[in-house]
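Bear in mind these aren't lab numbers, they're just calculated from the coordinates by the rules spelled out. Bear in mind the structure is a predicted one, so any value in this text is a computation, not a measurement. All Cβ positions, glycine included, derive from the backbone under ideal geometry; neighbour counts span all protein chains shown.
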Amino acid sequence: MYQTSVVTYACETWVLKENIKTKLRVFERKVLRRIYGPTKDIDGTWRIKSNAELNRLIDNKNIINYFKAQRLAWFGHVHRMPDNSMVKKSI
């Protein structure tokens, strides 16, 4: 879903505290609302999409889950490295 960008750069190494997770979710929702635009109701009024609507549109694949998957992939990569590699020694 996400391509490597400024937002996800080096996310494998981030410490995800709750306040950072909240800020990332807020940012993601702002971007998604901009991408998907407003919704026109039956009575002709326009409104922004709710969080539940956005979750349905992206199939609950949020940025936090992406970060966790990237971290797991990085762990597997480091685990397969030779024991004498500098990266593996630093962990």
The residue that is farthest from Val15 (Cα to Cα), considering only those in the stretch 73-84 that are touching a residue at least 12 places away in the same chain (Cβ under 8 Å) and touching a helix residue (DSSP H, G or I) at 6+ places or on another chain (Cβ under 7 Å), is Val78
Quick count over the stretch 32-72, residues being in contact (Cβ under 8 Å) with a residue 40 or more places away in the chain and loosely packed, with under 11 Cβ neighbours inside 10 Å, is 0
